[in-house]
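Enquirer: Take this structure first; my questions come after.
The values are calculated or read from the model by the stated rules, or taken from the named source; none is laboratory data. All of these numbers come straight from a predicted model, not from anything done at the bench. Using ideal geometry, Cβ is built from the backbone for each residue, glycine included, and neighbour counts are taken over all protein chains shown.
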């Protein structure tokens, strides 16, 4: 008599195998900087990069084939839930300060580096590793600053966006006196603005 395996058990190994291949698909990109560190020639690095690029796509298709559409949807859901938890809604003041430093320092460094290189070439570090570290710190700052930072950054590109400070309690709307403009100034003849 044939043993029947429950669907949950049968799907569990497929899901785990799919997750392992999914991780492998992105871990393959680590071969490119490793080849650079091993001083592989430019042609070899180009060939490796294109192979990893194609291999990444093939492995992602393989992940979908192994997991099936429901399994892949579950994987995406779990990744999004995990990313959302990393972008917590409430950011403490210290986390905000640290995130701002992580955000601003790589930007200032990138802006100042060409001038420092022109004035004192010995002060700038050789190689690409410090630049990659700066980029990684900048990317990590988005997660440290949290979801509200993304909303603030997106508001920069909305013309009608307004700043609302939620730390101040709402006060009843009191009419503000109108500030005079150039056209409201009365001339000595009694006419306005002419």
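Enquirer: Just one of the numbered conditions (1) loosely packed, with under 10 Cβ neighbours inside 10 Å; (2) more than 23 Å from the chain's Cα centre (by Cα) is not true of residue 111; which one?
Expert: Failed condition: (2).
Enquirer: Report the residue count in segment 114-140 for those that are at pLDDT 85 or above and more than 20 Å from the chain's Cα centre (by Cα).
Expert: Of all residues in segment 114-140, those at pLDDT 85 or above come to 115, 119, 133-140.
Within this subset, residues satisfying the condition of being more than 20 Å from the chain's Cα centre (by Cα) are 115, 119.
Final tally of qualifying residues: 2.
Enquirer: Then there's this: Select, from 99, 55, the only residue that is in a helix (DSSP H, G or I), touching a residue at least 24 places away in the same chain (Cβ under 8 Å) and within 18 Å of the chain's Cα centre (by Cα).
Expert: The match here is 99.
Enquirer: Still on this model: Which residues, taken from segment 47-70, are under 28 Å from residue 127 (Cβ atoms) and either surrounded by 12 or more Cβ atoms within 10 Å (Cβ to Cβ) or not assigned by TED's automatic domain parsing to the domain that holds residue 19 (or both)?
Expert: Restricting attention to segment 47-70, the residues satisfying the condition of being under 28 Å from residue 127 (Cβ atoms) are 47-53, 55-56.
Matches in segment 47-70: 47, 48, 49, 51, 52, 53, 55, 56.
Enquirer: Could you grab me the full set of residues in segment 52-96 that are closer than 27 Å to residue 134 by Cα and at pLDDT 90 or above?
Expert: Correct list: 52, 53, 56.
Enquirer: Is one or more of the residues making up segment 147-167 over 30 Å from residue 96 (Cβ atoms) and either at pLDDT below 80 or out of contact with any helix residue (DSSP H, G or I) (no Cβ under 8 Å at 6 or more places or on another chain) (or both)? So that I can check it myself, show each step before the final result.
Expert: Here is the first cut: in segment 147-167, the ones over 30 Å from residue 96 (Cβ atoms) are none.
There is no residue in segment 147-167 that is over 30 Å from residue 96 (Cβ atoms) and either at pLDDT below 80 or out of contact with any helix residue (DSSP H, G or I) (no Cβ under 8 Å at 6 or more places or on another chain) (or both).
Enquirer: Here's something else I'd like to know. Out of all the residues in segment 110-128, which are in a helix (DSSP H, G or I) and more than 30 Å from residue 35 (Cβ to Cβ)? Before the answer, list the steps.
Expert: Taking segment 110-128 as the starting set, the residues that turn out to be in a helix (DSSP H, G or I) are 110-119.
Within segment 110-128, 111, 112, 115, 118, 119 meet the criteria.
Enquirer: A follow-up question, please. Test each condition in (1) out of contact with any helix residue (DSSP H, G or I) (no Cβ under 7 Å at 6 or more places or on another chain); (2) under 22 Å from residue 142 (Cα atoms) for residue 95 and report the one that comes out false.
Expert: (1)
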